[in-house]
Each structure stands twice: as structure tokens, then as C-alpha cells.
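The structure appears below as C-alpha cells.
The values are calculated or read from the model by the stated rules, or taken from the named source; none is laboratory data. Bear in mind the structure is a predicted one, so any value in this text is a computation, not a measurement. Cβ placement follows ideal geometry from the backbone for every residue including glycine, while neighbour counts extend to all protein chains displayed. SASA here: full protein model, heavy atoms, side chains in, ligands and nucleic acids out. Shrake-Rupley method; radii C 1.70, N 1.55, O 1.52, S 1.80 Å.
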Amino acid sequence: MDKKIFLIAGTEDGRELADFLQRRGFEVTASVVSDYGRKLLETCAGIKINDKPLDRDELEKILCAENFDCLVDASHPYAKNISANAIDAAKSAQIVYVRYERAQIAPTYEKIFYVDSCEEAAIKASELGKNIFLTTGSRNLKIFVDLLKGCNLTARVLPTAEVLTLCESLGLSPKQIVAMQGSFSVALNVELFKHANAEVIVTKDGGQIGGTDTKISAAEILNLPVVMIRRPKIFYPNLAATFDDVLKFLRNK
């Protein structure tokens, strides 16, 4: 058995990376924070699963107690706090840290407006239209609901009981919720945007696997402005852009 890896698998490609490494001889423990994530990982034979949320100190303890050789951070590109905790915990545990970062997109659409936060996105979106289609998930949904009370919101979110309960608690009606599991084609995005009478789309740069390219293509077809929240700026000690890059890094350490 090769090196012992603790992998933060907060995304679809994170789960695929865990399976990729396990199949190549690494002993992988993948960490998730939702029942949905656990169920997806359970289909990957041989991977140990941690589904307990870990703060910075708890993460360091588990890294030391179980003698991991490396921490692979495949959390969501916008999970800034998780990455910061992972970098710090790995350093304190004196193990190697490597970040797997999915590629960003490079759109040429002229109606993209870049901002640095959800708050800025809400403000900019309200300047561009009243019917706002949110494709930023549920984690920061409250920010948009609080700041866009004078607008008509449609939120596209995962169809889980937890997320739908959150939407309901924020006062969103069934008409305002599109509960679907992506990814979405250009054609489907076009129809959803049209159905909601969207005047502006709000999104993040989740890369191709996050469907950002098809959202922008659909918006361009409909001539709709897009408010794009930039990825947070984080200094990663070691950065890999592909699964093979992660594999090479781990085998050379």
C-alpha cells in the first residue's frame, strides 16, 4: 500500500479524485460534510469516509492520530475557510499539502460583470434587473434574500430536504425554487432562464464541471447580463490542475 491520504472531497471532481487515487494504490480517507456526499462516496469501493465536520484543530488531530502522509484539498473553489484550515492543519501536523484546483473558464461574453463577493453580486444584480436568477447554490442564499427584497428571485438549488427546508425558512415560494441536480445543458439553461423571465444571471466560476460555461452560453443566447463572483484569492503551497498532476506530486513526495 502506498501513501496514506486524507482527501477533502467537497465536490464531484473531489470524489472522482478520491476514487482515482485509491485505484492507484493509495490508502484514501475522504472527508465530506453531507449525507448526499457520503452516499456518493459509498459507491467507491475501498475508500474510508469521514462525515464529521472538522474545524481546524479537529483536522490537525485526525491527521496526526491516524498518521496521514498527505492532505489533498479538493474542496469547492469557493470554500475559502476550509482551504485555509487545511493548509494550516497540514503545516502543524507536518505533512504535505496539495491543492487540486479545477480549471477556471475564460469567457469572451461582453456582458459579464465581475465582483468579489455575494454582497457585491447582489448589489450589481439589482442594478441590472429585477428578475434575478441565482445559480450560486444554497450556502449564501440568505445574503441574496436579505439584500434583494425589492427583486424577484429564482434560486436553483440541489433537490435535498435540507436545502428545500432552508429555502422555505428564507421565505422563498415554490415558484421561486428550481430544485435540480446539474450539470445543465445550454438548451436547458435557456429554457429555465426563459421560464423565470430572468433579466440577470448570478453565478460563480465553478469551471466546466460546475456548468459555468453552459450558463454563460445560455445567457449570451438570451442577451442577458451575467454577474460573476470571482474565486477567492488563496495562496496554496502546492497546486495541481489535473488528477495526473496530483498523482505525480504524491508519488514524488
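In region 228-253, the qualifying residues are those that are open to solvent by 100 Å² or more (accessible area, probe 1.4 Å) and charged (D, E, K, R), and the one that is modelled with the highest pLDDT is 248. For region 233-247, filtered to residues that are touching an Asp or Glu at 6+ places or on another chain (Cβ under 8 Å) and part of a loop (DSSP other than H, G, I, E, B), the residue that is nearest to residue 80 (Cα to Cα) is 236. Taken over region 91-121, the residue count meeting the criterion of being free of Cβ contacts under 8 Å to residues at least 60 places away in the same chain and open to solvent by less than 50 Å² (accessible area, probe 1.4 Å) is 2. Take the conditions (1) without any contact (Cβ under 8 Å) to a residue 12 or more places away in the chain; (2) more than 30 Å from residue 70 (Cβ to Cβ); residue 248 misses just one of them, which is (2). If the condition is being under 30 Å from residue 211 (Cα atoms) and aliphatic (A, V, I, L, M), then region 49-81 contributes 49, 54, 71, 72, 74, 79. Considering only residues of region 104-163 that are among the aliphatic types (A, V, I, L, M) and assigned to a loop (DSSP other than H, G, I, E, B), which is farthest from the chain's Cα centre (by Cα)? Per the stated criteria, the residue is 148. The set of residues in region 161-215 that are closer than 20 Å to residue 122 by Cα, in contact with a helix residue (DSSP H, G or I) (Cβ under 8 Å, 6 or more places away or on another chain) and open to solvent by 70 Å² or more (accessible area, probe 1.4 Å) contains only 199.
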